1. Per residue, how much accessible area does the stretch 48-91 have with a 1.4 Å probe, in Å²?
2. Summarise the accessible area of the chain (1.4 Å probe, protein heavy atoms) by the percent that is carbon and sulfur.
3. Which Rg and Dmax, in Å, describe the Cα atoms of the stretch 1-59?
4. How large is the charge dipole for the chain, taken about the Cα centre, if only the Cβ atoms of Lys, Arg (+1) and Asp, Glu (-1) carry charge, to the nearest 20 debye?
5. Quick one: net charge of S4's neighbours, Cβ under 15 Å, K/R +1, D/E -1?
6. Need one number: the % of Cα-Cα pairs in the chain sitting beyond the 19 Å mark.
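The values are calculated or read from the model by the stated rules, or taken from the named source; none is laboratory data. The structure displayed is predicted, hence computed values, not measured ones. Note that each Cβ is placed from the backbone with ideal geometry, even for glycine, and that neighbours are counted across all protein chains shown. Areas reflect the complete protein model, heavy atoms only, side chains present, ligands, DNA and RNA absent. Shrake-Rupley method; radii C 1.70, N 1.55, O 1.52, S 1.80 Å.
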Amino acid sequence: MVLSALAIPCPHCGSPDVLYSCKPDCCFNHVCSRCYTTFETVTARVGELTAEFDSLPPDPDPTGPTASCARCGECRLFMINDGGAAGKLVCFFCKALLTLELTGVSPG
């Protein structure tokens, strides 16, 4: 299973240059550095991963996109890049399989 850090393109302009601008105990507000659109991330649990992690990517940049696990609340989530769960997220701590939704989109 190939995992990578979260990469969330701007929902307004599609730019990959999105920054996480707050802290987990407050909110999950993100800002596009190109068009200044803001949005928040929310996850939904859709299953549980039963396989073991082959290897993990390095810890993500603290200013990079993030979200909270809908099951345990932790923020160490990774994107699945291959297999039947490609495009979903997995929580490192509880192995919840998650989908990502963007809310509160406010064009800049």
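1. I get 54 Å² per residue for this part.
2. With neighbouring chains kept in place, the figure for the chain is 53 percent.
3. Answer for the stretch 1-59, Rg first and Dmax second: 14.2, 40 Å.
4. With only Lys, Arg, Asp and Glu charged at Cβ, the dipole is about 200 debye.
5. It works out to a net charge of -2.
6. 41 percent
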